[in-house]
Amino acid sequence: MRKFLQQLGLVTLLCCPIAVAAQDITLKSADGSIRLSGTLLDYDGEFYTLKTIFGELTFNALGIVCTGMGCPDAGQYAADLTFFSTPEAGSTLLPALIEDFGFAAGETTIRSGHNTGGWTYFVSDVAQIPVARIQAHLGESALAFAALSDQKTDITLTTRTAEITERAAALEAGSGDLTDPYRIHLVALDALVVIVSQNNPVSALSLDDVKKIFTGEIVNWAVLGGIDAPISLYRPKNGTDLAEDVSAVLQMEDQAFAHAIMPTLTAKIADAVAADPFAIGISRFSTVRNSKALAIIGPCGIRTHPDQFNVQSEDYPLTRRLYFTTARKRLPVFARSFLSWVASDAAQNTINAQGYVARTPVSLTLSQQQNRLTNAIQAAGDDINLGQLKGLVRAFAGASRLATTFRFMDSSTKMESRSVLNITQLARQIEVGDFDGHELIFAGFSDSTGGSEGNRRISRQRAEQVAAQVKKAATRADPGKVKFRVIGMGEVSPLACDDTDLGRFTNRRVEVWIK
């Protein structure tokens, strides 16, 4: 351990939390009014653990003065932190976040190694005292959660949350409490995208067309309105998280795919497709690079393009989330500060710069949502009349829709779990004054299942529920500075086709508009 610090010009020994030699010390409050003596059992840079006449006690070191020969040197203690990340995010996003976090804190970050297996960062403060050693291992989500369950890593960065079997394995291994072993931190959004060359005239495909292409049923672009040329295929390597996503979306087994080139990283898929006017590939939004992402056409003809707004609002049907996951245990101060910082504006800028979609909501006016009215007219059922379409326009005239969106389970006012996280985010924005002097419109929408009157009623109930929860969560907000309004629009403005479960789920939503 001392060797690598000397190599970096750091003379102080970097220590992870360890048990120290048992020695008698005295801890006293800063004003000297309270003091307690005992045998020092452990010190991790943040907490003292003492054996006293009252038993074993743990004290936060903040505001405590230690006296005695056995007092540890606080400057010798630093976080020893391990990440396990998916290869794409671990090669780009995670290093960028660590470096920008260190820069914001006035710290120096030095990286050692950067290959397919991982890397190490050494972080020191302005006095060159070590603050943290951060090691990262790169691999797919299943390996990441296995390492977290076995307590071989502190934090995972993955494109999915732990599955039921993975949580059960963690509980069986004694990681976490008796109900849920993990804490989840939403980092950013990404999406599964179908890409072609910028020179390819095709701009949209249905998932059925994509499936036929990758099974070999469609082999020429002319069938899809493109150039009379054979289609070359690029897809994710088998065994990767992205390959599993593709198989699930297209409802295909690996053996059903036609012959395709399978680069190791999605960035290489994008580069290959960009250079080949007759190629098609499946990649991630974060690695589109110089290729072109296609819109997805639903069975009813509604198109959704994978742009920043549609991914952030999750209107785009193939949106995916990126998560940090930790065990339910106390992490070092450095790690807790880092996880908190990831929600800051500075971190959100870093996330966007790396090609991912940050959580800070963007907004669009009704006129900027080009396909909104077209879709509303095209997908209108017999119960939708011209008056309701005019009502849609009047309701949002002069307003902008925030990407923050809440979605619900079928035929109920139960919010799906991912949308619950948006309650806190919107409440925090209200508390810091982002919407002072404005009106927030909570607009409920439904799928077309059932009667139109019942759909309007349940859509309003959902909007009322979201508005009430946001108000309740914004405990530090001045209620007089932001006006709330609730409306129920029913099935008047579908964002996806109601022919599929995914389409109906997309349409059961509460939008937030600011005026």
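Kirkwood-based Rg over Rh for the chain (C-alpha set), two decimals? Dividing the radius of gyration by the Kirkwood radius yields 1.03. When only alpha carbons are used to place a centre, the range 90-133 and the range 322-359 end up 14 Å from one another.
Here the Karplus relation 6.51 cos²θ - 1.76 cosθ + 1.60, evaluated at θ = phi - 60°, turns the backbone of the range 458-470 into coupling constants of 6, 5, 5, 4, 5, 5, 4, 5, 5, 4, 5, 5, 5 Hz, with x for every Gly and Pro. For the chain, the share of DSSP beta bridges that are antiparallel, to the nearest 5, is 75%. Do the alpha carbons of any pairs in LYS152/LYS471; LYS28/LYS329; LYS390/LYS472; LYS237/LYS292; LYS211/LYS268; LYS212/LYS292 sit beyond 30 Å of each other, and which pairs? Violating the 30 Å limit, Cα to Cα: LYS152/LYS471; LYS390/LYS472.
Note on LYS515: lysines with a C-alpha under 16 Å away, same-chain residues under 8 apart excluded, are LYS481, LYS483. With one equal scatterer per alpha carbon and no solvent term, the Debye-computed log10 I(q)/I(0) for the range 163-317 at 0.13 1/Å reads -0.64.
For the range 407-467, what Kirkwood radius comes out of the mean inverse Cα-Cα distance, in Å?
After inverting the mean inverse Cα-Cα distance, the result is 12.9 Å.
Over the range 404-515, with every protein chain in place, what whole percent of the accessible area is carbon and sulfur at 1.4 Å, could you tell me? Within the range 404-515, the accessible surface is 51 percent carbon and sulfur. Rolling a 1.4 angstrom probe over the protein heavy atoms with all chains in place gives the chain an accessible area of 45 Å² per residue. Comparing TRP341, PHE257, PHE278 along the charge dipole axis of the chain, the residue lying farthest to the positive side is TRP341, per the Cβ-charge model. Diffusion coefficient of the range 377-515 by Stokes-Einstein, Kirkwood radius over Cα pairs, 20 °C, 1.002 mPa s: 141 µm²/s. Here the scattering of the range 227-372 is modelled by Debye summation over its C-alpha atoms, one equal scatterer each and no solvent; at q = 0.10 Å⁻¹ the log10 of I(q)/I(0) is -0.47.
Assign one of three labels to the range 236-311, namely rounded, prolate or oblate, based on the Cα gyration tensor with a ≥ b ≥ c the square roots of its eigenvalues; rounded applies when a/c is under 1.5, prolate when it is not and a/b is larger than b/c, and oblate otherwise. Oblate is the answer for the range 236-311, as a/c is 1.5 or above yet b/c matches or exceeds a/b.
Solvent-accessible area of the range 228-345 (1.4 angstrom probe, protein heavy atoms only): carbon and sulfur portion equals 52 percent. Shape summary: the range 458-508 maps onto an equivalent ellipsoid whose semi-axes, from the alpha-carbon gyration tensor, are 29, 11, 8 Å in decreasing order. Taking square-rooted eigenvalues a ≥ b ≥ c of the alpha carbon gyration tensor, is the range 106-235 rounded, prolate or oblate, where a/c under 1.5 means rounded and, failing that, a/b exceeding b/c means prolate? Oblate, because a/c is 1.5 or more while a/b does not exceed b/c. In whole Å, what is the distance between the alpha-carbon centres of the range 241-287 and the range 34-57? Taking the Cα centre of each part, the range 241-287 and the range 34-57 sit 56 Å apart. Pairwise Cα distances in the range 45-158 exceed 18 Å for 60 percent of all pairs.
Compute the angle between helix 386-395 and the longest alpha-carbon principal axis of the chain, please, reported from 0 to 90 degrees and rounded to the nearest 10. For helix 386-395, the angle is close to 30 degrees.
The values are calculated or read from the model by the stated rules, or taken from the named source; none is laboratory data. Please read these numbers as outputs of a predicted model, since none were measured by experiment. Neighbour counts run over all protein chains shown; Cβ positions are idealised from the backbone, glycine included. For the accessible areas, the whole protein counts, side chains as well, though only heavy atoms, and no ligand, DNA or RNA atoms are used. Shrake-Rupley method; radii C 1.70, N 1.55, O 1.52, S 1.80 Å.
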